[in-house]
1. Here are some conditions: (1) touching a Ser or Thr at 6+ places or on another chain (Cβ under 7 Å); (2) surrounded by fewer than 22 Cβ atoms within 10 Å (Cβ to Cβ); (3) under 24 Å from Q199 (Cα atoms); (4) small (G, A, S). S272 meets all but one. Which one does it not meet?
2. Scan the range 382-423 for residues that are in a helix (DSSP H, G or I), touching a helix residue (DSSP H, G or I) at 6+ places or on another chain (Cβ under 6 Å) and hydroxyl-bearing (S, T, Y) and jot them down.
3. For the range 124-159, name all the residues that are without any contact (Cβ under 8 Å) to a residue 40 or more places away in the chain and in the same structural domain as A195 (by TED's automatic domain parsing).
4. Answer yes if at least one residue in the range 431-440 is without any contact (Cβ under 8 Å) to a residue 40 or more places away in the chain and either under 26 Å from the mean Cα position of the chain (by Cα) or surrounded by fewer than 22 Cβ atoms within 10 Å (Cβ to Cβ) (or both), and no otherwise.
5. Count, please, the residues in the range 222-257 that happen to be within 28 Å of the chain's Cα centre (by Cα) and within 19 Å of F154 (Cα to Cα).
6. Determine whether the range 201-210 contains at least one residue that is in a loop (DSSP other than H, G, I, E, B) and under 25 Å from F33 (Cβ atoms).
7. Does the range 85-108 contain at least one residue that is of a type in the set (V, I, T), surrounded by fewer than 21 Cβ atoms within 10 Å (Cβ to Cβ), modelled with pLDDT under 95 and part of a loop (DSSP other than H, G, I, E, B)?
8. Can you tell me which residues in the range 371-411 are buried (at least 17 other Cβ atoms within 10 Å of the Cβ) and under 16 Å from the mean Cα position of the chain (by Cα)?
Amino acid sequence: MAVSVIDLQLERFAYGGDAIGRDETGRAVFVPFALPGERVRARIVEEKRGFARAELLEVLTASPERIEPKCRHFPTPSPVPGPTADAAILGDGLVGASGCGGCHYQHLTYEAQLRAKREILRDQLQRIGRIEDPPVREAVPSPAEWNYRNHIQFHLTADGKLGFVAHSALAPATPGAERLLPITECHLPEAPINALWPQLEFEPGSPISRAGIRLGDEEDLMLVLESDSPQPPDLEIEAGISAVHLFEEDTLILAGDDHVTIRVLERAFRVSAGSFFQVNTAMAGKMVEHLLSHLPVSPATHLLDVYCGVGLFSAFFAPRVATVTGIESAPSACGDFAANLDEFENVALYEAAAEDALPYLDLRPEVILLDPPRAGLDRRVLDAVLALRPASIAYVSCDPSTLARDAARLISGGYRLTDVTPFDLFPQTYHIESISTFEK
C-alpha cells in the first residue's frame, strides 16, 4: 500500500495537542507530538474535506523549545523500534510516533506550555465564540509540573496489566475498542500513588475494567475497582489502604472506608469513591481564591452553584452570603455535599439534573456559579440561567471549545465577558481549565 509522506512547516497549536501546518495545496494538516515552528516529515493517515491528519515520522528542524520527554512511554518517532521505546510500524517499513495517549506536551518546556494554552483559549473564544478581543489573562501555573495528580485511573489489559489508552492518529472503528498500552512508569500521580500502583497485580481475564487510586489527607489511599459484574474481585489488600468495588451505582466496601478526605485551603472535604473532585489539589485552592476575589458577593447575596459536586466552591461562599443553593445529579456527590456543608444553616441542595431543576427554581440569585462537564451547558440550562437574570455569572470550564460556544450565547443574552483566567490543572497535557466571569 502506498504511503503518502510529506514534509511540512508547522505554524501553530490546535486544541487537542496537535500542531498545524499546510501542505502544498493549502490544506491544513494536523500532526500530534510536533511543535509550531518545526519542519517535520509526516505520513498522512486520514483525509477529510478541507483537512488531513498525519503521523509524525521525523523532526527535520526542531523548535528551540523542544525538550527531552521525561517518560519512556511518551510518543516519539524513532528510526527503528527499540526495547525502550514504543513505536508503530507503518506501511513501507516507516516508523511513526506511538505510545501512551495521556500526555501531549512532555516535549515542550513548561513556560511554553502555559503560553500555548493561553493562546489556544484565546483562539477558541475568537473563532468559535466570535469574541473579537477576549480578555484572557496569563495562565496560572501549577506549583508542581510533575506528580500533581491526587487521582489516577488505569485500564486493565487482557493479561491483567495496568495500562493507559495508547495514542493513535485514528479513532477506533468501534467506540471503546482503543488499544491499551501496559505501562511501567507515570510521572503525573503524587508520590504515594506512584508507590502503590506498581504493586497491584490482577489475574489475566480479570472482570475489573478500571482500577483507580485516590489520595487523601495524610497520605490516605483508596483503591477503586470498577467492573460490570456485581461479584466483588478477589484481592489481597495492603494494611491501611481502603478499597471499594463500584458496580453501576452501587459501592461495596472491600476494606477501610468508602471515601477519602481531601484538604483545600485548610478545609477538609469528604470525597467518595464515585464522586468527582479536582485532581490537582493545589490548583483547586487557587481556583477557589480566584472566585472569592472576583465574584461580587455580600451577606445579602443569594448564590446558585450549578453542578456543585461535593461542594468545593459552595463551602467557601456559604459563610460570606445569605444563601447558597446547589444543584447536582450524582448521588455520591450529593451525599458528600451534605456532609461537607452540614455546619451551615443557609445551604440547600437539589439532587437533580441541572436542566430538570433550573426552570422550576423559585429564587432570584444575584450570582450563579457554573461548573459543567466537558460537554458544556445544555441549551435548557443556558436558557434557564438567562431567565434568572443574575447580575454576575462565573463559568468554570474544562473545555475551551464548549466554553466559547456558551460564552457567545451568554453574550447574546445580554452579558459582558469581563475576565478569562486559565488555570493549568493538567501540566504535560493539552487540557485547559479556566474561569470566566460575566456581568449583566
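The values are calculated or read from the model by the stated rules, or taken from the named source; none is laboratory data. These numbers come from a predicted model, not from an experiment. All Cβ positions, even for glycine, are placed from backbone atoms using ideal geometry, and neighbour counts span all protein chains on display.
1. (2) is the only condition that S272 fails.
2. Once the filter is applied, which keeps residues that are in a helix (DSSP H, G or I), touching a helix residue (DSSP H, G or I) at 6+ places or on another chain (Cβ under 6 Å) and hydroxyl-bearing (S, T, Y), the range 382-423 yields only S401.
3. Correct list: T157 only.
4. yes
5. 17
6. Taking every residue of the range 201-210 in turn, none turns out to be in a loop (DSSP other than H, G, I, E, B) and under 25 Å from F33 (Cβ atoms).
7. no
8. Result: D371, P372, G376, Y395, V396, S397, C398, D399, P400, S401, T402, L403.
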